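The values are calculated or read from the model by the stated rules, or taken from the named source; none is laboratory data. Predicted, not measured: the structure shown is a model, and the values here were computed from it. Please note: Cβ atoms are built from the backbone with ideal geometry, for glycine as well, and neighbour counts cover all protein chains shown. For accessibility, only protein heavy atoms count, side chains too; no ligands or nucleic acids. Shrake-Rupley method; radii C 1.70, N 1.55, O 1.52, S 1.80 Å.
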Amino acid sequence: MNEALIRPAVVSRVSELIGHTPLFELCRTPEGSRLLLKLEMYNPTGTAKIRMARQMVLDAEERGALRPGGRIIESTSGNTGLGLAVVAAERGYSFTAVVDHHACSDKLRTMRALGAELVYVTGDGTGELATAAREELAEELARGQDNAVFTEQHNNPANAVGYHPVAHELHQALDGRVDVLIGAVGTGGGLCGTARELRGLLPDVRTVGVEPKGSIAFGGPAHDYYQSGTGTPEGAEIGALVDFDLIDEGVKVGDVEAFATARAVARTGLLVGGSAGGVVYEALRRLPALPPGTIVVALVNDGGEKYLDTVFHDEWMKERDLLDPVLEHEIHGTVTGWRGDRHR
């Protein structure tokens, strides 16, 4: 067994708890095809992105760009910032998160609690996503500063490297059997980093990328969307880590469908985030048409606890015309029907 996949019984750093996340069988069709969720919310900070946050810091240290007492700067909508805040705290760095008001307020409060400095790209309190403006400000804050590094998650190769262990965890847990890998595409690091390493182990695995409707990585039209921490909004450049050669198929899922799925899955006892709902929606949609016995692994990048005031809040959903109880009921019926009596 690969020693890297064995967690020590006692650890002395929070980052040593990263990885080894469980696989959860959400459902299985009558034909024996299985939908397995890689529950990345079991990482510290409740998100996959702490994997790449740690790797970006380690890479900066190895390159000599970051030395004791240094400063880390990143543009983030929340989850990357949470990871960097933890790694900075345990390694003695200061961390500045460049944020906008589109980010979940709980993520912002948690970053501050972990010692991060928050710099808002806009001060008017609007909820608009401002990825491009955030990136520009983060770069400006780091420019010319000694011992300060803009980790630049969208274009940092270490982002993708941070997810290589996911491939090995899947390969080990499933005895080398993964037919379809499906995940959200934001920076591209999570899905493409996992896919690149997994294809070295399982060359025939098929990769499906999911982005919100309104995102532009897989084409237009561009418009606003509420799924956070994923996609490429209008005005932002598609990240260098989005490797289309590693993505066999790119699809779009709307906010209504993504959030309805997250809410339906919650009725089974599992809270997943809004963009994770989009990934699960697409996996459920295609599962019946796959060959019998297909194993589909969906990357669930964070849990739903951070979205109790948004995705799981009826009034917030109604105000934005996102609530669809009929669709929620249909999705819940599909999931519970495939789960069957064995889970009751």
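Can you confirm whether residue 173 is open to solvent by 30 Å² or more (accessible area, probe 1.4 Å), farther than 29 Å from residue 63 by Cα and either in contact with a helix residue (DSSP H, G or I) (Cβ under 9 Å, 6 or more places away or on another chain) or small (Gly, Ala, Ser) (or both)?
Yes.
In the range 256-295, which residues are open to solvent by 20 Å² or more (accessible area, probe 1.4 Å), of a type in the set (D, E, K, R) and under 18 Å from residue 310 (Cα atoms)?
Of everything in the range 256-295, those that are open to solvent by 20 Å² or more (accessible area, probe 1.4 Å), of a type in the set (D, E, K, R) and under 18 Å from residue 310 (Cα atoms) turn out to be 257, 267.
For a quick check of your reading: which strands (runs of 3 or more DSSP E) sit entirely within the range 13-99 and have at least 1 residues that are more than 27 Å from residue 167 (Cα to Cα) and modelled with pLDDT of 95 or more?
71-75, 94-99
Is there any pair with a first residue in the range 235-255 that is touching a residue at least 40 places away in the same chain (Cβ under 8 Å) and a second that is of a type in the set (Lys, Arg) and open to solvent by less than 70 Å² (accessible area, probe 1.4 Å) whose Cβ atoms are under 8 Å apart and which are 6 or more apart or on different chains, and what are they?
246/199
Restricting to the range 312-342, name every residue that is in contact with a Lys or Arg (Cβ under 7 Å, 6 or more places away or on another chain) and within 18 Å of residue 276 (Cα to Cα).
Passing the criteria: 312, 328, 332.
Does residue 109 meet the test of being of a type in the set (Lys, Arg) and modelled with pLDDT under 95?
The answer is yes for residue 109.
If you take the residues of the range 176-204 that are surrounded by fewer than 21 Cβ atoms within 10 Å (Cβ to Cβ) and free of Cβ contacts under 8 Å to residues at least 40 places away in the same chain, which of them is farthest from residue 231 (Cα to Cα)?
Across the range 176-204, the extreme among qualifying residues is 176.
Quick check on residue 72: is it touching a Phe, Trp or Tyr at 6+ places or on another chain (Cβ under 6 Å) and open to solvent by less than 40 Å² (accessible area, probe 1.4 Å)?
Yes: the conditions hold for residue 72.
Could you count how many residues in the range 34-71 are in contact (Cβ under 8 Å) with a residue 60 or more places away in the chain, of a type in the set (S, T, N, Q) and within 22 Å of residue 262 (Cβ to Cβ)?
Adding up the residues that qualify gives 2.
Report the residue count in the range 281-339 for those that are of a type in the set (Ser, Thr, Tyr), in contact with a Gly (Cβ under 8 Å, 6 or more places away or on another chain) and in a helix (DSSP H, G or I).
1
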